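The values are calculated or read from the model by the stated rules, or taken from the named source; none is laboratory data. What you are looking at is a predicted structure, and each value in this text was computed from that prediction instead of being measured. Every residue, glycine as well, gets a Cβ built from its backbone with ideal geometry; the counts of neighbours run over all protein chains shown. Each accessible area value is taken on the protein alone, full model and side chains, heavy atoms only, with ligands, DNA and RNA left out. Shrake-Rupley method; radii C 1.70, N 1.55, O 1.52, S 1.80 Å.
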Amino acid sequence: SVDYVDSVQAVGLIDYTDIRANLSYNHRFSARTNGVLVATARNYNADDYHQHTSGYGVSAGINRDLSETTSVQAFIGLEDTEVADGDSEVNPVYDVSLTRRQETTNLLLQYRRRISGSGQGSLSKRDEVNLRFTRQLNDVLASGLGARAYQSESIGPANIATDYVQLHAQLLWQLSRAFSLTADYRYTVLQRSLDGEGANSNRFTIWLSYQ
């Protein structure tokens, strides 16, 4: 559930609740190849618009280890989303990623499309490109750098698109076997097609984890 502090008129965003459930089945074809079948159901509510939307989807994918250090993942599927007047819209969803793991470093390259909740009063299609690099500095410290660019386009007649670019950095400190401290910084730039307005934001987060 997402609640915005400012009014709808002030920020152009609407409080919403997005509940999603996944049921997955995994099958190992070989020592290096694993197949996955996923069924999805969701319920989206936009409070101020009294908008209720349901959606159902299915996708299939494969995970394969190309070598001891490199793996690839590919998923493709369809998600049927209810739109205005009881009609529905079917959209493809997909996820292709490449992961390379070394002794102290990890590199992720990813391109995906997914259906996600938004503060625009409807679900949205999100096309996203991710690049993430992490490095273990020593026994207790690890760092990460990443960049993400994506376009979010609302599902339905409004067809509102927003472009985002985000840069982020992270530092993790393993305080003990049970406790870790993480500091995360994100800089985001967005541009909306509806009014041509743009904005940027800085977010710094620190959290303490126990496991």
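Suppose the filter is more than 25 Å from SER193 (Cα to Cα), surrounded by fewer than 16 Cβ atoms within 10 Å (Cβ to Cβ), modelled with pLDDT of 85 or more and hydroxyl-bearing (Ser, Thr, Tyr); does SER97 pass it? Here the answer is no, as SER97 does not meet what is asked.
Set side by side, the residues ARG132, ARG126, ARG177 differ, and just one is farther than 30 Å from GLY196 by Cβ and surrounded by 14 or more Cβ atoms within 10 Å (Cβ to Cβ), which is ARG132.
Pairing residues of the stretch 124-145 that are under 17 Å from HIS168 (Cα atoms) with residues that are basic (Lys, Arg) and open to solvent by less than 80 Å² (accessible area, probe 1.4 Å), at Cβ distances under 6 Å and at least 6 apart in sequence or on separate chains, gives GLU128/ARG112; ASN130/ARG148. Here SER143, SER176 are screened, and the one residue that is of a type in the set (S, T, N, Q) and modelled with pLDDT of 95 or more is SER143. Summed over the stretch 100-118, the residues that are open to solvent by less than 30 Å² (accessible area, probe 1.4 Å) and not in a strand (DSSP E or B) give a count of 2. Scanning the stretch 135-149 for residues that are open to solvent by less than 70 Å² (accessible area, probe 1.4 Å), outside any loop (DSSP other than H, G, I, E, B) and of a type outside the set (D, E, K, R) yields LEU141, ALA142, SER143, GLY144, GLY146, ALA147, ALA149. For the stretch 74-87, the candidate set comprises residues that are surrounded by fewer than 17 Cβ atoms within 10 Å (Cβ to Cβ) and not aliphatic (A, V, I, L, M); within that set, the residue that is modelled with the highest pLDDT is ASP80. The sole residue among VAL90, VAL129 that is assigned to a strand (DSSP E or B) and modelled with pLDDT under 95 is VAL90. Taking the condition under 30 Å from SER54 (Cα atoms) and within 17 Å of the chain's Cα centre (by Cα), does SER88 pass? In short, no.
The residues on offer are GLY117, GLY156, GLY121, and the sole one that is under 28 Å from ALA39 (Cα atoms), under 17 Å from the mean Cα position of the chain (by Cα) and either modelled with pLDDT under 90 or of a type in the set (D, E, K, R) (or both) is GLY117. Every listed requirement among (1) open to solvent by 40 Å² or more (accessible area, probe 1.4 Å); (2) under 23 Å from LYS125 (Cα atoms) is met by SER152 save one, (1).
Taking the stretch 31-81 as the range and being assigned to a loop (DSSP other than H, G, I, E, B) and farther than 25 Å from GLU103 by Cα as the test, the residues that pass are ASP47, ASP48, TYR49, HIS50. The listed residues are SER122, SER143, SER118, SER97, and the only one of them that is of a type in the set (Ser, Thr, Tyr) and within 27 Å of SER176 (Cβ to Cβ) turns out to be SER143. In the stretch 14-34, the condition of being open to solvent by less than 40 Å² (accessible area, probe 1.4 Å) and at pLDDT 95 or above is met by at least one residue.
Considering the conditions (1) out of contact with any Lys or Arg (no Cβ under 9 Å at 6 or more places or on another chain); (2) of a type in the set (S, T, N, Q); (3) at pLDDT 95 or above, GLN51 is excluded by exactly one of them, (3).
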